[in-house]
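Take a look at the structure set out below.
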Amino acid sequence: MEFATHLQNNVAFSDWYDLNVRPHKVLGYRSVVISTKFPSNIPGDVSSTQMRGIADIAERFGFGEIRVTHEQNFVLPDIPKSCLFQVWVELNHLGLGLANHALLSDMIVCPGASYCNLATAHSFLVAEQVVRAFTLAEQQEIGPVSMNLSGCINSCAHHHIANIGMLGLNKSKTDHYQITLGGCQGNDSRLGKVLGPAIAESELPNAIRTLFDVYRKYREVDESFIQAVDRLGLTPFKEALYSEGQI
C-alpha cells in the first residue's frame, strides 16, 4: 500500500506522522522522533528489548544511526518516506509508537528522589499523575508546549527554560512544586518566572489543568501556549491558579 494511502486511511499513523516526523533536507527522507515518555515509558528509560529493536530499525530502514536528544527521546535521522508506515508499525510493537512529540506528555523529567540522593522531591510519580490527567485528545487540542520537572535546585531537567517549569521542594516533609511560566529554549531562550508559592503534590495535576484552562479561554486562532503567555502576561494565569478555592 502506498504511503499516501496509509496516511489518509489510518488516523493513528497520521497523528504520529504529524507530531513525530520532521522534514529532511534530502528529498524523499524524513527524521523520526521516538518518544520514550508516559504512559508507555518512564521518561528517557527503555528496556534492552526496546533498545535492540530501535537499533534493528535503524539498521534496516536508515543508515544505522540513532541520536539521543536532551529531551529524553531518540531520533532516527534518515528514514525514507516510503518506509515510515513500517517503521511506525514496528515501533508500536516495541511500545514506542506514541504520537506525542512536543505535547505536554513529552515532558523532560529528572530521576528525582526515587533514584537521586540530591533530590528534595519525587519527579517520576508526580509527572505521571500530571500526564494521566489529560487524554491524548486533550493534549493534541492544547497543542505544542514544553513542560519540565526537576526534583531539586540542581535543575537537571532544565525546568527554568520550559514553557511550564516545575521545581520539586520539600516543605514540612512533604513534596511541593514551584511553578514557573514563560520559559523558552532555542533562539528565543529565556527563563520562566515564578508564579507564586509552591503547590502540594496532590494539587499539581489540577494546577496544571488550571493553567491550560486559562490558555484555552483566552487564546487566539492558531496561537500556541507560549505565544498566549507572551501576549497575556502572567497575571491571568496567576489569578486563576491562586484564586480562592483553587489551591
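The values are calculated or read from the model by the stated rules, or taken from the named source; none is laboratory data. Here the structure is a predicted model, which is why all the values come from computation and not from measurement. A quick note on method: Cβ atoms are made from the backbone with ideal geometry, for glycine too, and the neighbour counts reach across all protein chains shown.
Of all residues in region 17-74, how many are small (Gly, Ala, Ser), modelled with pLDDT of 95 or more and in a loop (DSSP other than H, G, I, E, B)?
5
I'm told residue 42 meets every condition in (1) of a type in the set (A, V, I, L, M); (2) in contact with a helix residue (DSSP H, G or I) (Cβ under 8 Å, 6 or more places away or on another chain); (3) farther than 20 Å from residue 159 by Cβ except one. Can you identify the failing condition by its number?
Condition (3) is where residue 42 drops out.
Starting from region 15-26, take each residue that is farther than 13 Å from residue 73 by Cβ and list its partners that are in a loop (DSSP other than H, G, I, E, B), counting only C-beta distances under 6 angstrom and pairs at least six apart or across chains.
15/99; 16/99
Could you identify the single residue in 236, 205, 197 that is under 20 Å from residue 105 (Cβ atoms) and either loosely packed, with under 14 Cβ neighbours inside 10 Å or modelled with pLDDT of 95 or more (or both)?
From the options 236, 205, 197, the qualifying one is 205.
To keep it simple, each residue is scored yes or no on (1) touching a helix residue (DSSP H, G or I) at 6+ places or on another chain (Cβ under 6 Å); (2) farther than 30 Å from residue 175 by Cβ; (3) at pLDDT 95 or above; (4) surrounded by 22 or more Cβ atoms within 10 Å (Cβ to Cβ).
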| position | (1), (2), (3), (4) |
| --- | --- |
| 77 | no, yes, yes, no |
| 80 | no, yes, yes, no |
| 85 | yes, yes, yes, no |
| 94 | yes, yes, yes, no |
| 106 | no, no, yes, yes |
| 109 | yes, no, yes, yes |
| 113 | no, no, yes, no |
| 118 | no, no, yes, no |
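Name, by its number, the condition in (1) over 13 Å from residue 119 (Cβ atoms); (2) aliphatic (A, V, I, L, M); (3) under 18 Å from the mean Cα position of the chain (by Cα) that does not hold for residue 195.
Evaluating residue 195 over (1) over 13 Å from residue 119 (Cβ atoms); (2) aliphatic (A, V, I, L, M); (3) under 18 Å from the mean Cα position of the chain (by Cα) leaves (3) as the failure.
Which members of region 52-73 meet the condition of being charged (D, E, K, R) and either surrounded by fewer than 16 Cβ atoms within 10 Å (Cβ to Cβ) or more than 16 Å from residue 22 (Cβ to Cβ) (or both)?
52, 56, 59, 60, 65, 67, listed by residue number.
Across region 174-189, what is the number of residues that are within 17 Å of residue 238 (Cβ to Cβ) and modelled with pLDDT under 95?
0
Table: residues versus (1) more than 26 Å from residue 193 (Cβ to Cβ); (2) under 14 Å from the mean Cα position of the chain (by Cα).
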{"position": "71", "(1), (2)": "no, yes"}
{"position": "99", "(1), (2)": "yes, yes"}
{"position": "114", "(1), (2)": "yes, no"}
{"position": "140", "(1), (2)": "yes, yes"}
{"position": "169", "(1), (2)": "no, no"}
